[in-house]
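Following: one structure in structure tokens, then a few remarks.
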Amino acid sequence: MSHPPPNIKLYLAIFATLMLLTGLTVLVSYWHLPPAAAIFVGVAIASIKAGLVVAFFMHLKGEHKLIYYFLGILAFTMIGFLLIPTDFRLLRVLLMHSGAP
Amino acid sequence: MSAPAAAALAYEDSGVTNAKLGVWLFLASEVMLFATLFTSYIVLRVGSASWPRGWEALNVPLAMINTFVLITSSVTMVLAYAKAVEKDLAGFRRFMAMTIGLGLLFLVFKSFEYGAHFAHNEWPSTSIFNAVYFTLTGLHCAHIIGGLVVNGGLLWMAGEGFEHPLFIGRVEGAGLYWHFVDVVWIFLFPAIYLL
């Protein structure tokens, strides 16, 4: 089992970056942007922050291919679930009887 | 065959230890859990006649402080792992204790937040917004508590267990889980509080 020597300087640099991005995302929220713009900016900044944590703190960058394959299966599964059609006839009948609008 | 030797053999077979692969698989299932809840939030919000902006209904400054707290705990967690790799017991203990302390601090601030809501008679049943807010943040808190139990266990084990050949792998696994909990909050915070 090999555990590569940790890069402390990198961790601290990522820490500073994460704090800055957190401050930035809160600052932008004070501008009270319309929902569409707010969502885009918020998700973009969050994705960068999450990407840094996953790549460097979770050591996903430079991880073994097997882990990438499993995460690929995860991505495929999630997209697959999102693409399942939802306008089933049965569902419409059930909703009609439940009194939902 | 002894457990450490068996674990080492597994590593040579696939390139990844059972423990690491197991934790990543578990995290994948947790991603599905939170993704479902996020999707429900989106569907409910888009389908509702009105929905408060985050800052109108929630304490953004306190949640921002909590974000700083959790990110810092992720850093101390990875530093604890670094100390474990370097075989520095005192350093590991120091950073793992800090990680646990920061996690507890997160929960303390969260309890202030929840307490304020309850004092204003705002409960999960009060509105769909509140239901979504309490469900998402509550489930996240449950994950923090679970992580604190594991991290506490590792800190407690570190006395004799530090020299065990599998110990670094355990810290790594606990770290992967803790960083995942941080990543969930990184998305949860803007999604609930800032939009």
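FYI, it's all coordinate maths here, none of it is from the lab. Everything quoted here is computed from the prediction, not taken from an experiment. In this analysis, Cβ positions are derived from the backbone assuming ideal geometry, glycine residues included, and neighbour counts consider all displayed protein chains.
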Checklist entry - What is the fewest-to-most order of B:SER40, A:SER98, B:SER74 by other Cβ atoms lying within 10 Å of their Cβ? => result A:SER98, B:SER40, B:SER74
Checklist entry - Taking the Cα atoms only, what angle lies between the long axis of helix B:167-193 and the longest principal axis of chain B, rounded to 10 degrees? => result 10
Next on the checklist: For B:LYS83, give me every one of the lysines with a C-alpha distance below 25 angstrom, ignoring sequence neighbours fewer than eight places off in its own chain.
Outcome noted: A:LYS9, A:LYS49, A:LYS61, B:LYS20
Checklist outcome for this item: With Cα springs under 10 Å, the Gaussian network model of chain B assigns the largest mean-square fluctuation among B:MET77, B:MET96, B:MET157 to B:MET157
Item to check | Gaussian network model of chain A, Cα within-10 Å springs - most flexible of A:LEU21, A:LEU83, A:LEU91 | outcome: A:LEU91
Checklist entry - When the dipole is taken about the Cα centre of chain A, and only Lys, Arg (+1) and Asp, Glu (-1) are charged at their Cβ, what size is it in debye, to the nearest 20? => result 80
Item to check | Kirkwood hydrodynamic radius over Cα pairs of the range B:34-185, then Stokes diffusion coefficient at 10 °C and 1.306 mPa s, in µm²/s | outcome: 94
Checklist entry - When chain B is treated as a GNM, springs tying every alpha-carbon pair under 10 Å, which of B:ALA49, B:ALA158, B:ALA142 comes out with the largest mean-square fluctuation? => result B:ALA49
Item to check | For the range B:17-124, with +1 on Lys and Arg beta carbons and -1 on Asp and Glu, the positive-most of B:LEU44, B:ALA116, B:SER73 along the dipole | outcome: B:SER73
Next on the checklist: I'd like the FRET efficiency for A:HIS32 and A:VAL93, computed as 1/(1 + (r/R0)^6) with the beta carbon distance as r and R0 of 35 Å, rounded to 0.05.
Outcome noted: 0.25
Checklist entry - Zone of A:LEU66 (label point 7 Å along Cα→Cβ, backbone N under 19 Å): which residues in the range A:1-36? => result A:1-4
Item to check | Cα long-axis angle, helix B:128-161 against chain B (0 to 90 degrees, to the nearest 10) | outcome: 20
Checklist entry - Within the range A:14-101, which trypsin sites (Lys or Arg not before Pro) sit in a loop by DSSP and count at most 10 neighbouring Cβ atoms inside 10 Å? => result A:LYS61
Item to check | Sites matching chymotrypsin sites (Phe, Trp or Tyr not before Pro) across chain A that sit in DSSP coil, with at most 11 neighbouring C-beta atoms within 10 Å | outcome: A:TYR30, A:TRP31, A:PHE88
